[in-house]
Amino acid sequence: MTKKYRSGALVALHKTAEGLHKTGLVDRKTMRDFDVSCLTTVRPLCAKEIADLRERAGVSQAVFASYLNVTVGLVSQWERDEKTPRGPSLKLLALVRNKGLDAIAQN
């Protein structure tokens, strides 16, 4: 699993904490709490934000659904606020929000 940190400084700080954990100076619970505070968070998206992401990418619901590996109906339900994306779909949407649709495109 690749960890995505909020900044380069947090990468360096995390490596230091991992070293302290390996030597026994930082316990497992503290290390888990530290992991959570360093990693990029994924926040829920509202229906308008999802529609805006898709429109900024300039793609139809069908194309957007294909990129996300979900059904067109599900994208439509997200955009109408009938369902809320969770899990892997929410993570992919966060990547699209932060880096654009090309971030999840297959080469």
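Fully extending the segment from Arg86 to Val26, taken as 0.36 nm per residue of separation minus the present Cα-Cα distance, adds 18.3 nm.
Normalised by the number of residues in the stretch 47-104, the average gap of Cα pairs under 8 Å and 6 or more apart makes the relative contact order 34 percent. Annotation: peptides 58-65, 7-14, ranked by per-residue average of other Cβ atoms within 10 Å with the highest first, follow the order 58-65, 7-14.
Between Lys48 and Val11, the simple label model (points 7 Å from Cα in the Cβ direction) yields a spacing of 3.6 nm. Taking every DSSP helix (H) stretch of at least 4 residues in the chain, weighting each as -39,500 (n - 2.57) and dividing the sum by the residue count yields a mean residue ellipticity at 222 nm of -18500 deg cm²/dmol. Computed with the Debye formula from one identical point scatterer per Cα of the chain, without solvent, the log10 of I(q)/I(0) at q = 0.17, 0.24 Å⁻¹ comes to -0.80, -1.24.
Note on Ser37/Ser60: beta-carbon distance plugged into 1/(1 + (r/R0)^6) with R0 of 41 Å gives a FRET efficiency of 0.60. The peptide list 69-79, 18-28, 42-52, put in order of mean Cβ contacts within 10 Å with the highest first, becomes 69-79, 42-52, 18-28.
Just so you know, all these numbers are worked out from the coordinates, no wet-lab data involved. Keep in mind that this is a model prediction, so the values were computed, not measured. Counting neighbours? That spans all protein chains shown, and the Cβs are built from the backbone with ideal geometry, glycine included.
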